[in-house]
Amino acid sequence: MKFIKQIIYDLKTQPVIGAVSIIGTAMAIMLIMVVMMIRQIQVAPVAPESNRDRLLYEYGMCIQNDDNMGSSRLSMAAVDKLYGGLKTPEVISVMQSGCDQVDVSADGGEMMLADMRMTDENMWKIFDHKFLSGKPYSEADVLNGNRVVVITESLARKLLGTPDAVGRTITINQYPFKVVGVVRDVSPLMGWSYAQLWKPIKVSEGLSMSIGNGAADKYFGPFSVVSMAKTPEDVDEMRREIRSRNASFNNELKADGWSRADTGFPYVQEQVHALKGTNKEPDVSTERMVHYILIAIILLVPAINLSSMTQSRLRQRRHEIGVRRAFGAKRSSILRAILVENLFVTLVGGLIGLILTFVMSYMFTSLFYEPAFSWTGYSVEMSLNASMLFSWSIFGWALLFCFVLNLLSAGIPAWRAAHVDPVEAINGITK
């Protein structure tokens, strides 16, 4: 307590430098945390995509011959060839990789646009959507083509005036659908789990493209695949088993004069984020390098400025440090005291910066965060929930950056202060 009182007293004697140091630290931590949170939302396990470290994604495929190249999502025939009978995945789900905007209404009310995704029943086993009422649709619903749907809480309120929508009927593109479940809203930042309503896939829609090309007619379709391993450690083995299907798949394509371009599918979450198209392998190393360089710049620039302020603050305390040295204080104790004092200031600034991060992220989500790519856009605004805003890993990163910023900004000034000559310091002589 005495130590903290001393630090507060020192800050009061130099209020401008102290305030600028705290504010500078807070802004630096805020910027770094925003960068880290953007990365976390894009790559790390975040509900309802809490199983990202166990997942592999396959958007589609690119086929080519000597003269042409074409790419598309997969047909059910392609899904069966590449994923049928695999042993390593725990669950395999066939779904749309994106959403369609559809007209939705209820009880003769006003029509509105909503984002709909078609999936099979296994999607609900892979993504952990929070059901507020009801349940997911079943395998029988998918196989029989039942007109059932799961919707979000906010869409239920807009359509029916209440989230208690299970058993009610809504109209989607002029067809009636029975609501079987209501889930908590999902942010468009969640690329594969997001939608406002989900309905069973139509297997018949993925049987043929009918565009006059043998290979494309048979294997091009509207579907993508998400596979989940039993544990994160099994992902590599699952990927090897899936990719082992490419050889036999290519043999069938060669009958039509085509071959599948090996772009690395299926991908882990980080690769999916870096993906620019189905005909090019994602450049994950460049994405990581840009991320790390950005953090380094954000960390070093304020550290240089804060180092100058720390040096100025210690210069004014030169006489005090000289007296302590004259009375036998060791250089190591002087150095330790200055570093701990600066760490206290840095932690205060870091805590303020962390709070600012959450406030700014919540208020300006669309400015900081980019939603998953969509050809049609989204019918809702970008949003963040509490689980996306805070995690213990983010808190840990905040503490780490506070510690590093403290060392960078106070290390050299503290070393110089600890090595000051006591006589010169007491007499106010500066070198």
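Structural remarks
- Within segment 106-119, tally of residues that are open to solvent by less than 10 Å² (accessible area, probe 1.4 Å) and either farther than 25 Å from residue 47 by Cβ or assigned to a loop (DSSP other than H, G, I, E, B) (or both): 1
- For segment 233-270, a tally of residues being more than 19 Å from residue 73 (Cα to Cα) and at pLDDT 85 or above returns 10.
Results for (1) assigned to a helix (DSSP H, G or I); (2) open to solvent by 60 Å² or more (accessible area, probe 1.4 Å); (3) of a type in the set (Asp, Glu); (4) modelled with pLDDT of 65 or more, shown as yes or no for each residue.
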site: 315; (1), (2), (3), (4): yes, yes, no, no
site: 325; (1), (2), (3), (4): yes, no, no, no
site: 337; (1), (2), (3), (4): yes, no, no, yes
site: 342; (1), (2), (3), (4): yes, no, no, yes
site: 347; (1), (2), (3), (4): yes, yes, no, yes
site: 350; (1), (2), (3), (4): yes, no, no, yes
site: 353; (1), (2), (3), (4): yes, no, no, yes
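- Residue, farthest from the chain's Cα centre (by Cα), within segment 58-74, restricted to residues that are within 17 Å of residue 226 (Cβ to Cβ) and of a type outside the set (A, V, I, L, M, F, W, C): 73
- Verdict on residue 199 being in a strand (DSSP E or B) and without any contact (Cβ under 8 Å) to a residue 40 or more places away in the chain: no
- Residue 92 touching a Ser or Thr at 6+ places or on another chain (Cβ under 7 Å), β-branched (Val, Ile, Thr), at pLDDT 85 or above and open to solvent by 20 Å² or more (accessible area, probe 1.4 Å): yes
- Among the residues of segment 229-270, those identified as assigned to a loop (DSSP other than H, G, I, E, B) and open to solvent by 60 Å² or more (accessible area, probe 1.4 Å) are 230, 244, 255, 256, 262.
- Residue check, residue 80 open to solvent by 40 Å² or more (accessible area, probe 1.4 Å), assigned to a helix (DSSP H, G or I), within 18 Å of residue 267 (Cα to Cα) and modelled with pLDDT of 85 or more: no
- Top-ranked residue of segment 271-297 - restricted to ones that are in a helix (DSSP H, G or I), within 25 Å of residue 54 (Cβ to Cβ) and open to solvent by less than 30 Å² (accessible area, probe 1.4 Å), ranked as modelled with the highest pLDDT: 272
- Residue within segment 148-163 that is part of a strand (DSSP E or B) and touching a residue at least 60 places away in the same chain (Cβ under 8 Å) present: no
The values are calculated or read from the model by the stated rules, or taken from the named source; none is laboratory data. Just so you know, these numbers come straight off a predicted model, no measurement behind them. Reconstructed Cβ throughout: ideal geometry from the backbone, glycine too, with neighbour counts over all protein chains shown. Accessible surface is based on the protein model in full, side chains and every heavy atom, while ligands, DNA and RNA are left aside. Shrake-Rupley method; radii C 1.70, N 1.55, O 1.52, S 1.80 Å.
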